[in-house]
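J.: The structure under discussion is supplied below as structure tokens; questions concerning it will follow.
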Amino acid sequence: MRIASIAVAALISLSAAAASGIKHPSLLFTPDRVEKAVKSCKSDTAREAAWQKIKAEADIQLKKGDVRKLEYPALAYQITGDRKYAEKIREVLLKTAKTESWGDREMLARNPAWRSELQMAHRAFQLAVAYDAVYSFLTPAERKEIATGLWRLAVEPLTGDWVSEPTRIHSLNSMGHNWWTSCAGMGGLLALAISNEIPEAAVRAREVVEALPEWFDFAGDVIQHKPKTFDRDGGMYESINYASFGTTEALLMRMAWLNSHPGEKLEDIPQMDMLPSFFSHVAYPRTGILYSINFGDSHKNVTGESSMLLAYNMGVEDPATLWYTTQVTPGQHREGFPMHFPMGFLYTPDLSKAPSTPDLPTSHLWEDFGWATMRDSWDKDATMLAIKSGMTWNHSHADANSFILFHKGTDIIKDAGNCSYGKPEYRNYFFQTDAHNVVKFNGEGQPRHQQYHGTMLPGSVSGLVDGGNIKYVLADGTGPMSHLLNRNFRHFLWIDNVIYIIDDLGSHTPGEFEWLWHPGGKAVKRGFDLEVSDGENSAVAVRPLYPRPLAYSNFVHDYPEDLWWETIEGPTEDLSGKEEYWSFHLPGTCDRVKGVTAVILKDSVNQKILPKIERREGKDWIGLRVTDKGKVTDIYINQLADGRLMHLNSWIEADGWNTDAYMLAVSYPEGSKAADSKEVFIGHGSSLRRGTDVYFSSLSKLNVIAKEAGGRLDLNVAGQPRLNFKYKSSAPAVTLNGSKTKATKEKSLLKIKTSPK
């Protein structure tokens, strides 16, 4: 009885709310926001200039009457009160309400028929803000006529296809990415606009707004190989473009609901709180327009300020949003919120308190969907490395273990990009493995069917540690390439001005391995290096070291054991022509290989003196000795630690070091002893010793960066939820992963123990 009573009470409450209706205007162009924005024009020249652009577009629409641009006369009417804008909007609304259908022929031909799609959703947004703006200008009869027509034309198909029974045909499992939020969200927004005249629209609007948290929390679909929508640390796997678009469409609906239902509480959406961090971490601030990493169906000019600003205005007042917005060139992204767009004019906060750089770490890992970014600073034109493995499906390309390198203002090692989805170049090149910086086997990459059916065995990115001038992360693309490979690990070890890419590869049968490189500038082979430069400042040298260097000269037949190369033509992103990318081939066949490539970050195009890198080998290990600017770094790669041993531990002895680590890097001043090093990287290791002298010990293998200076030991450690290890140091102060920590002294060792969070 109590359950039934609650249900009846809820229905009565809902009916009462519908009967009382909402006030107009109250969706997005609210009177208080309009008043505040207009008032700020007096002291904010940028906002005043933006208003003049908005008014100019509104005046153009007095002649054109484009339903896709109604937001301009809508805002102009609310600011000026000039009837000419309202009259034009009324004319367009009455004409639109008589339109027979906005159904798309191709969508209607599907089974079951899709009565709604993105263009309808875009128009629904415009109609909603326009109807809301001129509501009081319309007669009751006009309101009813318009609302009835808009219900039939857009609201019922959008909400009926995507949310409401008994006509719903989509689920979050089938289309739970940007299409769902756009169609459902904008259908709900228009339903909210006409809810006073159409009681059923009020019900549909509530259905939509209450469903939004379910979209944010969607956990994926094992049967259909579809990933969860959002990573546990924020961010959406489908590319920056669709993360921005999909999230913005959801938050527009939520914002409109909160504006029109003052005092009503909605269920929290924790992912909103993480939007500033996500979009900042995937951004590359530079001289010129802001870049974003363009994995998948995205472009470098795409930005995320629209969803960030909406979240900011709903209480997520993160200073990173202010910083980010100041980095965006107005209008660089067509779906952004520049100030000369109505939403930007109303929802851009005071940016005068924006920090010069965000208060965020220089590295971030999204472990659920397999992305990571690492940068040397947040300054403009710094260096940033972005790594991607994870899932392939829909807007996420066949690019497991790929990376993009930004350096001194440009993506010097780039992603090839994408083009219009209807073009053969999209499905045959941009989506496929060849368009990315990965390793192929026997000329093959990821299976083409993964584009449609998804990756049965996703890749991953893990183990990130950032110790300032030393950074490390591991990408595992074995799953997406498992039809060919049983090992497809790519380690990224960044020390000072060199990024070492270590490919640990194993195949089911012997075959040929090749490495793909997409230069973001002019590429010239000189000696052992592929030199890539763009402009006067950005330049890198790509130098293969293991298993063999590049053949030194074009007389490849004189170097039969070394890598040979070829340049391959692919389409440019704008399809205006062709561009070259490079393939490095290992001659002969094998079924297990370690590929080590140094990407040397040059200070300028004309830099001549580069780090001296020597190949070294010992029993069961290969390595490098790097000498640069008075500093020596010894790098060891344990050949026994690559999975070939089942129950035996992988002990090696190298230059007096005894370790079971997969990788070890020890740095020390030139002329001093390696044993006195104050800068050590241990990759996937449980112990480091010299004779009986213990430097590091842990029962579980961990990734460790240890740096000691000025009486302080800074440790960055990852690999297990519970840490319990010892490290040799006499430093009185210790930090662990950026925070002060307690350490127990045991002779020459400091013991550190943490519990899972």
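The values are calculated or read from the model by the stated rules, or taken from the named source; none is laboratory data. No experiment lies behind these values; they were computed from the predicted model shown. Here Cβ is always computed from backbone atoms with ideal geometry, including for glycine, and neighbour counts include all displayed protein chains. Calculation scope for accessible area: heavy atoms of the full protein, side chains included, ligands and nucleic acids excluded. Shrake-Rupley method; radii C 1.70, N 1.55, O 1.52, S 1.80 Å.
J.: Val734's amide H: which non-local residues (gap 5+, or another chain) put their own amide H closer than 5 Å, with H modeled 1.01 Å from N in plane and none for Pro or chain starts?
T.: Leu713, Thr741
J.: Please list 219-228, 427-436, 673-682 highest first by mean number of surrounding beta-carbon atoms within 10 Å per residue.
T.: Ranking the peptides 219-228, 427-436, 673-682 by packing returns 427-436, 673-682, 219-228.
J.: Which value, in Å² rounded to 10, gives the accessible area of Glu87 with a 1.4 Å probe and all protein chains present?
T.: So the heavy atoms of Glu87 present about 80 Å² to solvent.
J.: Regarding the stretch 629-741, what is the average projected area of its C-alpha convex hull, in nm²?
T.: Details: hull surface 31.1 nm².
Mean projected area for the stretch 629-741: 7.8 nm², to one decimal.
J.: Leaving ligands, DNA and RNA out of it, rank His647, His518 by accessible area with a 1.4 Å probe, largest first.
T.: Numbers: His647 160, His518 5 Å².
From most exposed to least exposed: His647, His518.
J.: If only Cα atoms are counted, what is the Rg of the chain, and what is its Dmax, in Å?
T.: Gyration radius and largest Cα-Cα distance of the chain: 29.0, 92 Å.
J.: What does the convex hull of the Cα atoms come to per residue for the stretch 425-471, in Å³? Don't skip to the answer; put the middle values down first.
T.: Numbers: hull volume 6.1 nm³, N = 47.
Here the figure is 129 Å³ per residue.
J.: Can you run phi through the Karplus equation (6.51, -1.76, 1.60; θ = phi - 60°) for the stretch 715-725 and list ³J(HN,Hα) in whole Hz, with x for Gly and Pro?
T.: With the stated coefficients, the stretch 715-725 comes to 10, 10, 9, 8, x, 9, x, 10, 9, 8, 9 Hz.
J.: While we're looking at this one, here's another question. Cα to Cα, under 30 Å, and not fewer than 8 places away if on the same chain: which lysines meet these conditions relative to Lys228?
T.: Lys265, Lys300, Lys388, Lys414, Lys423, Lys440, Lys471, Lys701, Lys757
J.: Right, here's the next one. May I ask you to evaluate 6.51 cos²θ - 1.76 cosθ + 1.60, the Karplus curve with θ = phi - 60°, for each residue of the stretch 299-304 and list the ³J(HN,Hα) values in order in whole Hz, giving x for glycine and proline?
T.: 9, 5, 8, 5, 10, x
J.: Roughly speaking, what is the stretch gain from Arg334 to Glu142, that is 0.36 nm per residue apart minus the C-alpha to C-alpha distance, in nm to one decimal?
T.: 65.8 nm
J.: How far, in nm, would the chain grow between Lys36 and Lys740 when pulled straight, counting 0.36 nm per residue and subtracting the alpha carbon separation?
T.: 249.0 nm
J.: Give the dimensionless ratio obtained when the Cα radius of gyration of the stretch 442-576 is divided by 2.2 N^0.38 Å.
T.: Dividing the Cα radius of gyration by 2.2 N^0.38 Å gives 1.21.
J.: Shape verdict for the stretch 676-721, please, from the Cα gyration tensor: rounded (a/c under 1.5), prolate (a/b greater than b/c) or oblate.
T.: oblate
J.: Would you mind classifying the stretch 489-639 by shape? Square roots of the alpha carbon gyration tensor eigenvalues, ordered a ≥ b ≥ c; an a/c under 1.5 is rounded, otherwise it is prolate if a/b is larger than b/c and oblate if not.
T.: Details: a/c = 1.73, a/b = 1.10, b/c = 1.57.
Oblate shape, in that a/c is at least 1.5 and b/c is the bigger or equal ratio.
J.: Next question. Can you figure out the FRET efficiency of Ser420 with Arg690, using R₀ = 60 Å and their beta-carbon distance, to the nearest 0.05?
T.: Details: r = 60 Å, r/R0 = 1.00.
According to the calculation, E is roughly 0.50.
J.: Here's a follow-up. Under a straight-distance cross-link criterion of Cα-Cα below 17 Å, which lysines are reachable from Lys98, leaving out those fewer than 8 residues away in the same chain?
T.: Lys88, Lys144
J.: Now, a different point. Rg over Rh of the stretch 95-167, using C-alpha atoms and the Kirkwood radius, what does it come to? Could you put the intermediate results ahead of the total?
T.: Values: Rg = 13.2 Å, Rh = 13.0 Å.
Expressed as Rg/Rh, it is 1.01.
J.: On a 0 to 90° scale, report how tilted helix 118-133 is relative to the longest principal axis of the chain, with both axes built from alpha carbons and the result rounded to the nearest 10.
T.: The answer is roughly 50 degrees.
J.: Here is a further query. Using amide H atoms built in the peptide plane, which far-off residues or other-chain residues are under 5 Å from Asn486 H to H?
T.: Hits under the 5 Å cutoff: Gly506, Ser507, His508.
J.: Can you tell me the mean projection area, over all orientations, of the convex hull of the stretch 683-757's alpha carbons? Units nm², please.
T.: The number I arrive at for the stretch 683-757 is 4.8 nm².
J.: Give me the one-decimal Kirkwood hydrodynamic radius in Å for the stretch 525-607, with the sum taken over alpha-carbon pairs.
T.: Hydrodynamic radius (Kirkwood, Cα only) of the stretch 525-607 equals 14.4 Å.
J.: Would you mind checking the tilt of helix 140-150 against the longest principal axis of the Cα atoms of the chain, expressed as 0 to 90 degrees and rounded to 10?
T.: Roughly 40 degrees between the two axes.
J.: Now for a different question. Quick one: what are the phi-derived ³J(HN,Hα) couplings along the stretch 546-557, Karplus 6.51/-1.76/1.60 with θ = phi - 60°, whole Hz, x for glycine and proline?
T.: 10, x, 8, x, 5, 3, 5, 10, 6, 7, 4, 5
J.: Give the share of C-alpha pairs in each 5 angstrom bin for the stretch 261-301, from 0 to the last occupied bin, in whole percents, shortest bins first.
T.: Computed distribution, short to long bins: 5, 18, 17, 17, 14, 9, 8, 10, 2.
J.: Further question: Could you give the alpha-carbon Rg of the stretch 347-422 over 2.2 N^0.38 Å, rounded to two decimals? Don't skip to the end; give the middle numbers.
T.: Values: Rg = 15.5 Å, N = 76, 2.2 N^0.38 = 11.4 Å.
My calculation over the Cα atoms of the stretch 347-422 gives 1.36.
J.: Would you tell me the accessible area of Met456, worked out with a 1.4 angstrom probe on the heavy atoms of the protein chains, in Å² to the nearest 10?
T.: 130 Å²
J.: Let me ask another. Let me know the charge dipole size of the chain about its Cα centre in debye, to the nearest 20, where only the beta-carbon of Lys, Arg (+1) and Asp, Glu (-1) is charged.
T.: Numbers: 85 positive and 92 negative charges, 268 e Å.
It works out to roughly 1280 debye.
J.: For every helix of n ≥ 4 consecutive DSSP H residues, a contribution of -39,500 (n - 2.57) applies; sum these over the chain, divide by its total residues, and give [θ] at 222 nm rounded to the nearest 500 deg cm²/dmol.
T.: On the way: 18 runs with 211 residues, N = 757.
Rounded to the nearest 500, it is -8500 deg cm²/dmol.
J.: Oh, and also: Binning at 5 Å from 0, report for the stretch 388-511 what percent of all alpha-carbon pair distances ends up in each bin.
T.: Per 5 Å bin, starting at zero, the Cα-Cα P(r) for the stretch 388-511 comes out as 2, 11, 19, 22, 19, 14, 9, 3, 1 percent.
J.: Just to be sure I follow: if Rg is taken over the C-alpha atoms of the stretch 73-130 and Rh is the Kirkwood radius over the same atoms, what is Rg/Rh?
T.: That ratio is 1.14, to two decimals.
J.: Over every pair of different alpha-carbon atoms in the stretch 310-445, take the mean of 1/r and invert it; report that Kirkwood radius in Å.
T.: 17.6 Å
J.: Over the chain, what is the mean sequence separation of C-alpha contacts under 8 Å (at least six apart), divided by residue count, expressed as relative contact order in percent?
T.: 7 percent
J.: Let me ask something else. Return the carbon/sulfur percentage of the accessible area of the chain, one whole number, probe 1.4 Å, all protein chains in place.
T.: Here carbon and sulfur together make up 51 percent of the probe-accessible area.
J.: What does the convex hull of the Cα atoms of the stretch 123-244 come to per residue, in Å³, rounded to a whole number? Before the final figure, lay out the partial values.
T.: Numbers: hull volume 13.0 nm³, N = 122.
Dividing the Cα hull volume of the stretch 123-244 by its residue count gives 106 Å³.
J.: Placing +1 on the Cβ of each Lys and Arg and -1 on the Cβ of each Asp and Glu in the stretch 662-715, which of Gly710, Gly685, Pro669 has its Cα farthest towards the positive end of the resulting dipole?
T.: Gly685
J.: Going by accessible area, probe 1.4 Å, with all protein chains left in place, what is the ranking of His395, His483, largest first? Each step should come with its number before you reach the end.
T.: Working: His395 15, His483 85 Å².
Result of the area sort, largest leading: His483, His395.
J.: From the alpha carbon gyration tensor of the stretch 565-715, can you work out the equivalent ellipsoid semi-axes (sqrt of 5 times each eigenvalue) and give them in Å, largest to smallest?
T.: Those come to 34, 23, 15 Å.
J.: What FRET efficiency do you get for Leu266 and Gln119 if R0 is 35 Å and r is their Cβ-Cβ distance, rounded to the nearest 0.05?
T.: Computed FRET efficiency for Leu266 and Gln119 comes out at 0.80.
J.: Work out the FRET efficiency for Asp558 and Lys84 from their Cβ-Cβ distance, taking R0 = 51 Å, and round it to the nearest 0.05.
T.: Details: r = 80 Å, r/R0 = 1.56.
The pair Asp558/Lys84 has a calculated efficiency of 0.05.
J.: Cα axis of helix 199-216 to longest principal axis of the chain: angle in degrees, 0 to 90, nearest 10?
T.: Tilt relative to the chain: about 10 degrees.
J.: While we're here: With every atom except the alpha carbons ignored, what do you get for Rg and Dmax of the stretch 24-176, in angstroms?
T.: 17.5, 56
J.: In nm, to one decimal, how far is the Ile223 label point from the Glu210 one, both placed 7 Å along Cα→Cβ?
T.: Here the answer is 2.6 nm between the modelled labels.
J.: With only alpha-carbon atoms counted, please give the Rg and Dmax of the stretch 199-316, in Å.
T.: That works out to 15.4, 52 Å for Rg and Dmax.
J.: Tell me the per residue accessible area of the chain using a 1.4 Å probe; a whole number in Å² is fine.
T.: Dividing the accessible area of the chain by its residue count gives 41 Å².
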